[in-house]
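The values are calculated or read from the model by the stated rules, or taken from the named source; none is laboratory data. Keep in mind that this is a model prediction, so the values were computed, not measured. Using ideal geometry, Cβ is built from the backbone for each residue, glycine included, and neighbour counts are taken over all protein chains shown. Remember, those area values only see protein heavy atoms, side chains included, never the ligands or the DNA or RNA. Shrake-Rupley method; radii C 1.70, N 1.55, O 1.52, S 1.80 Å.
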Amino acid sequence: MEHQEVKMERKARPTVTALAIAVLALLEERPMHPYEMYQLLLTRGEDVLVKVRPGSLYHTVARLAEQELVRAEGVDRAGNRPERTTYRITEHGRKAMRARISEIIRSPGAEFPIFPVALAEAHNLPSHCVVDLLRERVELLESDLADLDTMGEWARSQTVPRRYWIVLQYLQSTLGAEVAWIKSLIDDLDSGALEWEEFDPATGLRRTEPEHAWTGGDIPYDELPPVPRRSAGSARRPQAT
């Protein structure tokens, strides 16, 4: 019975996406119409945190209104512009926003970024190609870091309270760590410290067959590789410690 109540509670809980969080947070500041929300998100550079498109934003606002997390407050018209509906966050919306933010901060979710997938399969490319590609990535990431530095300097110069831009420092830290790790990987590939599969430079074909440690099939339980605790296969496999 208790299990069913938990399931019903989860089902009744509104889905609050990343864009919905951004919308609700804006409306927590003051009532506004969707076009104003869109412009403000772009002005603040929050499109680096969440994918913002006019169509998806309008759809998100409409869905939040259906869920009674926001409510229409009035319709304005300026000159020949189309009518614009102003929205206000509801108490239900405020609670849903805070609950979702708390949930995300508390529990690391499986976000499945694409770069680790390519990194895990990079051995399918010749090492010199991987090095060239990684150097291109580092160049782009360092440009991103420079942009974050500029944004942080502006926030400091304008005495913007730090609580509003701690995300910049988080991004600087994570990107900086990624750049440092990739540069170390490049050094290992360049020096030959990292053993790599061999490819024919003329044809691009493998000279050596893949030698993955786990090829599948029936393997004794105590020889299976460990997996993270949150992995779907953790119930049947040794866990990383």
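All of (1) open to solvent by 60 Å² or more (accessible area, probe 1.4 Å); (2) at pLDDT below 95 hold for Arg100 with one exception: (2).
Checking the structure you have, find out if any residue of segment 165-188 is more than 30 Å from Gly109 (Cα to Cα) and modelled with pLDDT of 85 or more. There is at least one residue in segment 165-188 that is more than 30 Å from Gly109 (Cα to Cα) and modelled with pLDDT of 85 or more.
Is there a residue in segment 17-33 that is closer than 15 Å to Trp165 by Cα and assigned to a loop (DSSP other than H, G, I, E, B)? Looking for residues that are closer than 15 Å to Trp165 by Cα and assigned to a loop (DSSP other than H, G, I, E, B), one finds none in segment 17-33, hence no. For segment 36-77, filtering for residues that are outside any helix (DSSP H, G or I), within 16 Å of Tyr164 (Cβ to Cβ) and out of contact with any helix residue (DSSP H, G or I) (no Cβ under 7 Å at 6 or more places or on another chain) leaves 1. On the given criteria, is Arg88 in contact with a Pro (Cβ under 7 Å, 6 or more places away or on another chain) and either modelled with pLDDT of 95 or more or open to solvent by less than 50 Å² (accessible area, probe 1.4 Å) (or both)? Yes, satisfied. Any residue at all in segment 12-26 that's loosely packed, with under 14 Cβ neighbours inside 10 Å, out of contact with any Asp or Glu (no Cβ under 7 Å at 6 or more places or on another chain), modelled with pLDDT under 95 and charged (D, E, K, R)? Yes, segment 12-26 has at least one match. Remark: pairs (first residue in segment 121-146, more than 20 Å from Leu168 (Cα to Cα) and part of a helix (DSSP H, G or I); second residue open to solvent by less than 60 Å² (accessible area, probe 1.4 Å) and small (Gly, Ala, Ser); Cβ separation under 6 Å; 6+ apart in sequence or on different chains) = Val130/Ala122. Suppose we filter Ala62, Ala146, Ala120, Ala78 for residues that are modelled with pLDDT of 95 or more and either under 20 Å from the mean Cα position of the chain (by Cα) or exposed (fewer than 11 other Cβ atoms within 10 Å of the Cβ) (or both); which single one remains? Of the residues listed, the single one that is modelled with pLDDT of 95 or more and either under 20 Å from the mean Cα position of the chain (by Cα) or exposed (fewer than 11 other Cβ atoms within 10 Å of the Cβ) (or both) is Ala146. Regarding Pro34, is this residue closer than 30 Å to Thr150 by Cβ, of a type outside the set (A, V, I, L, M, F, W, C) and loosely packed, with under 14 Cβ neighbours inside 10 Å? No: the conditions fail for Pro34.
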